[in-house]
Amino acid sequence: DLQRHTHVRIADRADVVTRPTWRDDRTVIYGRAEARREDILMRNADGSGEEIKIGTGMTSRAAAGRLFFAKLSAATNGDLFQVLLPPGSTPPGPPELVQQLPVHEWEPSLSPDGTLLAYSSGDIGQSEVILRTYPTQTGQWQVSSAGGSYAVWSPRSDAIYYRDVQGQIIRVAV
């Protein structure tokens, strides 16, 4: 509360790459580094109640009733997963593999209308932003032209914004 100068601690030990995201109007999702892995947790946004572990992964984002995140593996580097987020206080479903390729995949971002999935593909510093249809992959396009990462959607699902390797924010109409 800004007038009373009070703050509510939601979580501690948040990872430096954590970007909190909303499950719904009352619940926030965030990551925390725990012994060489990042746990994905959720908690009431007012700080009440206990933390609930959703899974293990990194760079999570929620949209259209799903949470998307990347999970590292020795064999394929990073793979994309999702967890269903039922409304209300119903616990999330188990993690489901969305995509597993031989290249490193990370930073997934589902369009607000739930029809397209953007993600970074390739090593850090050499990645490109890729767009594919969702849930069934019937089409795929490279969005960035000379490197890109951190794709986010416009609220109407009509554009993707991403950061290029020079640090510029680029907009691409979809």
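The values are calculated or read from the model by the stated rules, or taken from the named source; none is laboratory data. No experiment lies behind these values; they were computed from the predicted model shown. Ideal geometry is used to build each Cβ from the backbone, glycine not excepted, and the neighbour counts take in all protein chains shown. Calculation scope for accessible area: heavy atoms of the full protein, side chains included, ligands and nucleic acids excluded. Shrake-Rupley method; radii C 1.70, N 1.55, O 1.52, S 1.80 Å.
Assuming 1.002 mPa s and 20 °C, estimate D for region 49-117 with Stokes-Einstein, Rh taken as the Kirkwood radius over Cα pairs, in µm²/s. So the translational diffusion coefficient is about 170 µm²/s. 3J(HN,Hα) along region 22-33, derived from phi through the Karplus expression 6.51 cos²θ - 1.76 cosθ + 1.60 where θ = phi - 60°, amounts to 8, 7, 7, 5, 10, 10, 10, 10, 8, x, 9, 6 Hz, with x in place of Gly and Pro. The overall shape of region 18-63, judged from the alpha-carbon gyration tensor, is oblate: a/c is not under 1.5, and a/b is no greater than b/c.
In the chain, what percent of the accessible surface is made up of carbon and sulfur (1.4 Å probe, ligands and nucleic acids excluded)? Of the solvent-accessible surface of the chain, carbon and sulfur hold 53 percent.
Tell me, what is the FRET efficiency for Arg4 and Lys53 to the nearest 0.05, using R0 = 45 angstrom and their Cβ-Cβ distance as r? E between Arg4 and Lys53, to the nearest 0.05, is 0.90. Note on region 93-174: dipole from Cβ charges, positive end direction compared against Pro135, Ala173, His104; the farthest Cα belongs to Ala173. Using the Cα coordinates of the chain, the gyration tensor eigenvalues translate into equivalent-ellipsoid semi-axes of 27, 18, 17 Å, sorted from longest to shortest.
Could you state the number of Å between the C-alpha centres of region 136-161 and region 44-60? Cα centroid to Cα centroid, the span is 27 Å. Measuring r between the beta carbons of Trp141 and Asp25 and using R0 = 30 Å, the FRET efficiency lands at 0.35. At a probe radius of 1.4 angstrom, the accessible area of the chain per residue rounds to 56 square angstrom. If R0 is 41 Å, the Cβ-Cβ spacing of Ala74 and Ala11 corresponds to a FRET efficiency of close to 0.90.
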